[in-house]
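Please treat every number below as a calculation from the coordinates, not as lab data. These numbers were taken from a predicted model, which means no experiment stands behind them. Quick reminder, even Gly has a Cβ in these numbers, built from the backbone with ideal geometry, and neighbours come from all protein chains shown.
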Amino acid sequence: MNKIITVFNWEIKKLFSSWRRTVALFLLPAILLMAALNVFPLLVNYMATGSLNKKPVTVVGAPESFRTYVDETVDARVYVYDFKTYKEFADIMRDKDSYHKQLRKGMLVCYFYSGDPLVDFDDEVRNYYKEISADNTKAESRAVIYVAYDENSLTMEARAEQLKQGVLNDYQASLIDKLGGDYSVVGSSLFETDSFNPVTDFLGYRATANTAASRVVPGVLMIMMYYCVYSLVSDMFASERDRGFMAKLIMTPVSRRKIYWGKILAINVIVSCSTVITMLLLFFSSWVNRSNDAMSLLPFGMLLTPSELLTILGTIPITVLLMTAICISTTFQLRRMQDITVNLQLPLIYFLGDFFIQMFRGTRPVTMEYFIPLHNSLALIAETFNAQNKAWHVLLIYLMNLGIALWVLSVTFRKEENK
């Protein structure tokens with residue numbers, strides 16, 4: 001064991017002897033991935049509107065009930081609002097060309113209309129419920145909320161739908177309690193939570209953010225892990241053998257297997273640490289993303305419980321070990337460096353495909369997916385973010401991937417020693 005640790009320490013010192021290599025392995029991939037995830041919404045917004053800045057929602061004639069709802073509701077506070085009076089909006093509407101140009105540049109308008117300019121929106125809704133409570137079956141409300149956007153822009157259509165689903169629908173449902181009067185006693189009453197409780201806010205954000213994270217983060221971590229593993233295996237095994245350095249190492253008093261295991265331990269520690277750093281940066285990226293744009297890949301508020309975090313932290317080194325075993329097996333089966341490089345890069349296509357499938361799928365993993373090596377790690381991380389993983393899922397995936405990794409390495413080392 002001491003000799004394995006000696007080889008491990010030697011490999012770690014080699015890595016940290018060059019700050020460029022250290023940054024390239026630990027920080028650069030994580031920073032590039034985080035930048036890509038954050039730049040993606042900006043690019044989509046720019047292609048759709050010609051502007052990198054997401055404009056606030058222009059709210060025209062906002063009643064007091066809506067202003068109060070925005071202040072008290074978690075989902076509503078992720079938007080920035082530009083409140084305007086009817087007169088201010090009328091001044092904008094005078095120049096039709098300018099108005100349509102602003103729509104094309106990303107302006108989203110939420111217009112409150114009561115049916116009569118002299119009647120407040122809240123009063124119209126209040127009168128409507130008053131008529132219903134008086135058994136007036138012919139009562140009609142003229143209160144309408146219009147949403148205007150550029151219908152030729154998929155981005156703006158998505159933002160408008162997000163505003164409708166995330167804010168306006170719940171706001172309309174809340175009006176029965178705020179303005180329903182006597183009718184609210186007969187009708188259903190909404191369950192209210194303490195809006196000043198930070199735990200309530202965190203859990204409200206987490207529900208949305210973790211669902212989105214379950215589609216993005218697992219694939220990002222898998223790509224990150226494999227990229228680092230194949231880079232280090234190429235350097236520690238393929239390149240050293242190609243240069244003849246591996247043959248010199250084998251001639252030392254240290255056994256071949258202990259040399260290999262020392263290198264494998266170094267790869268596992270390095271890649272696991274690099275992956276954890278990436279995950280921390282993704283968490284940071286989520287918590288600074290207060291805009292919660294419809295195109296954001298990591299909405300605000302991603303959060304894991306201690307048990308969920310431990311599950312992912314346990315999944316990472318086991319997954320890295322299996323990836324390392326596959327890369328070492330490929331390296332030992334081939335001799336030419338260019339063949340090794342090409343074959344080690346091919347699984348990246350698989351992980352990229354898995355990443356996009358996971359991003360766009362709308363269903364949970366089926367049971368069979370837990371029996372597919374490496375893919376089951378992605379499924380487990382996704383389930384953990386959704387708080388849907390089960391103990392037997394974790395145990396099965398850990399034992400399966402660990403068992404396969406040890407078996408592949410054992411067979412590979414035995415063949416290499418018999419050559």
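Points worth noting:
- Shape of region 123-180, Cα gyration tensor, a/c cut at 1.5: prolate
- Backbone amide hydrogens, once placed in the peptide plane, bring F83 within less than 5 Å of V59, excluding anything fewer than 5 places away on its chain.
- Translational D in µm²/s for region 205-358 (Stokes-Einstein at 20 °C, 1.002 mPa s, Kirkwood Rh from C-alpha pairs): 125 µm²/s
- Globularity ratio of region 351-419, using Cα Rg and 2.2 N^0.38 Å: 1.37
- Of the peptides 98-108, 219-229, the order by per-residue mean of other Cβ atoms within 10 Å, starting with the highest, comes out as 219-229, 98-108.
- Taking the square roots of five times each eigenvalue of the Cα gyration tensor of region 285-419, the equivalent ellipsoid has semi-axes of 32, 19, 13 Å, listed largest first.
- With R₀ fixed at 60 Å, the C-beta to C-beta distance from Y99 to L280 puts the FRET efficiency at about 0.85.
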